[in-house]
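Notes for the one structure printed next.
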Amino acid sequence: MSESNAPDHGEDAGPPRRTAKRVIGGIVLILLAAVLLFGGIQGIVDPDAVTSKSRKMDTDVEAKIGGLLLCSFGLTVLFFGIFLLRKRKPSEGSLFGKPGE
């Protein structure tokens, strides 16, 4: 007796497709990365503006280090957002290069 919940072999044969949630998530991540990069670059270029806006007294060096951290995190988020939006080739298997079964 076969189970009715068992998937057919032909249904899941293709690679995962881009869904609306994935596209929206990728766009949101790219916008968030742009905000992070803008704040980080502003902290690096003009640390006086960043330190005057903060409640506690930061030094220029601390503002520049914070800007570098924001830029690096922004780049990480940007690459993840681009990864969500990219298309997978049909011949592409898993992320590690081995073909999926």
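A short reminder: the numbers here are calculations on the coordinates, not readings from a lab. Note that this is a predicted model, so its numbers are computed, not measured. Counting neighbours? That spans all protein chains shown, and the Cβs are built from the backbone with ideal geometry, glycine included.
Fully extended, how many nm does the chain gain between F38 and K87 (0.36 nm per residue separation, minus their Cα-Cα distance)?
14.9 nm
For the pair A20/D48, report the inter-label distance in nm, with labels modelled 7 Å from Cα in the Cβ direction.
A separation of 5.0 nm, rounded to one decimal place.
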